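Here is the structure we will look at, set down as structure tokens.
Values quoted throughout were computed directly from the atomic coordinates according to the rules given, and no laboratory measurement underlies them. The shown structure was predicted, so the numbers you read here are calculated from the model rather than taken from an experiment. Methodologically, a virtual Cβ is constructed for each residue, glycine included, from the backbone with ideal geometry; neighbour enumeration extends over all protein chains shown.
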Amino acid sequence: MRVLTIVHEADAGPGVFSAALAAAGAEVDTWRLAKQSQPPGAAGAYDAIMSFGGSAHPHQEERHPWLATEKRFLAGALVDAVPLLGICLGSELIAEVAGARMRHLPHPEIGWYEVSLTDEGGSDPVVGAIGHSFEALEWHSYAVDLPLGATALAQSSSCLQAYRLGSSAWGLQFHAEVTSEDFQHWLDNYTIDEDAVREGIDPAAIASATEGRMAAWNELGAGVCTRFLETASAL
């Protein structure tokens, strides 16, 4: 199985998904857009593609020209029905190229938030095993509406948290992939996030709330990745 991981920043890569990829025996290519103008291969050369998070927002193409490149690539992957999994920014980009409206949340979701699966989410092959209601680790300021023809899989009180587009593309707003080390790095450097500063987050309080939760959260994330790979292999 050949998998492409799209990494926007060094501290926002596959995280705990790496172990699941290794366990599946996947041959993994990594596209680091800040350093590589083009992907290692065409979208159709992969059995699955994963796009991860980052500090950029989907509309910031002037500040981050690689966003336009990735959007074209993801649009092609959707046309070719290559299995896709987007996390946070990756989820937003997939939804946008599928025609969904993007919006800036009045208050960013940073930390732990209650998320509930929809009825359709409960039977979904990738997220259904999570359970009806769970606390998810979040860090995002933007959200997307449900793309036309997509299925809503999970919601928080403020926005769509997971969707399935067709039978081969999934988007998750929450950070199922993040390690404790990477999340602590985000907290240590939160001042680079204008919305986090404006919101007045308390990084020490969020770090304290995270203690003791990451082992279970990482197990949940590894399960999401494993089920996505299994589903992609069957398509």
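Sort 50, 102, 214 by Cβ crowding within 10 Å, fewest neighbours at the top. Don't skip to the answer; put the middle values down first.
Working: 50 27, 102 15, 214 18.
The order, fewest Cβ neighbours first, is 102, 214, 50.
Under a Cβ-Cβ cut-off of 13 Å, what is the net charge of the residues other than residue 152 that fall near it, where Lys and Arg count +1 and Asp and Glu count -1? Walk me through the numbers before you get to the answer.
On the way: positive: 164; negative: 119, 120, 124, 145.
Neighbourhood net charge equals -3.
Arrange the following residues from fewest to most other Cβ atoms within 10 Å of their Cβ: 191, 226, 5.
The order, fewest Cβ neighbours first, is 191, 226, 5.
Whose amide H sits under 5 Å from the amide H of residue 28, counting only residues 5 or more places off or on another chain, with H placed in the peptide plane?
Residues meeting the amide H criterion: 3.
Only sites in a loop by DSSP and with at most 15 other Cβ atoms within 10 Å count here; which GluC sites (Glu not before Pro) in region 204-235 make the cut?
Qualifying residues, ordered by number: 211.
Could you work out how far the C-alpha centroid of region 40-86 sits from that of region 91-111, in angstrom?
Comparing the Cα centres of region 40-86 and region 91-111, I get a distance of 15 Å.
Please report, in debye to the nearest 20, how large the charge dipole of region 2-234 is about its Cα centre when each Lys and Arg carries +1 at its beta carbon and each Asp and Glu carries -1 there.
In debye, rounded to 20, region 2-234 gives about 600.
Determine, at each q value in 0.18 (inverse angstroms), the log₁₀ of I(q)/I(0) that the Debye formula gives when each Cα of region 2-234 is one equal point scatterer.
Rounded to two decimals, the profile gives -1.51.
Looking only at 157, 133, 167, which one moves most when the chain is put into a Gaussian network model with springs between Cα atoms under 10 Å?
Among 157, 133, 167, the largest GNM mean-square fluctuation belongs to 157.
For the chain, what does the relative contact order come out to in percent, with C-alpha contacts under 8 Å and a separation of six or more?
Taking the mean separation of contacting Cα pairs over the length of the chain, I get 21 percent.
Could you list which residues have their amide H under 5 Å from that of residue 179, counting only those 5 or more apart in sequence or on another chain, with H placed in the peptide plane?
16
Amide H neighbours of residue 82 under 5 Å, at least 5 residues apart or on other chains, H built in the peptide plane: list them.
Counting only residues 5 or more places away or on other chains, the set is empty.
How about region 59-135: which GluC sites (Glu not before Pro) there lie in a loop by DSSP and see at most 12 other Cβ atoms within 10 Å?
Filter output for region 59-135: 62.
What is the fewest-to-most order of 228, 17, 134 by other Cβ atoms lying within 10 Å of their Cβ?
134, 228, 17
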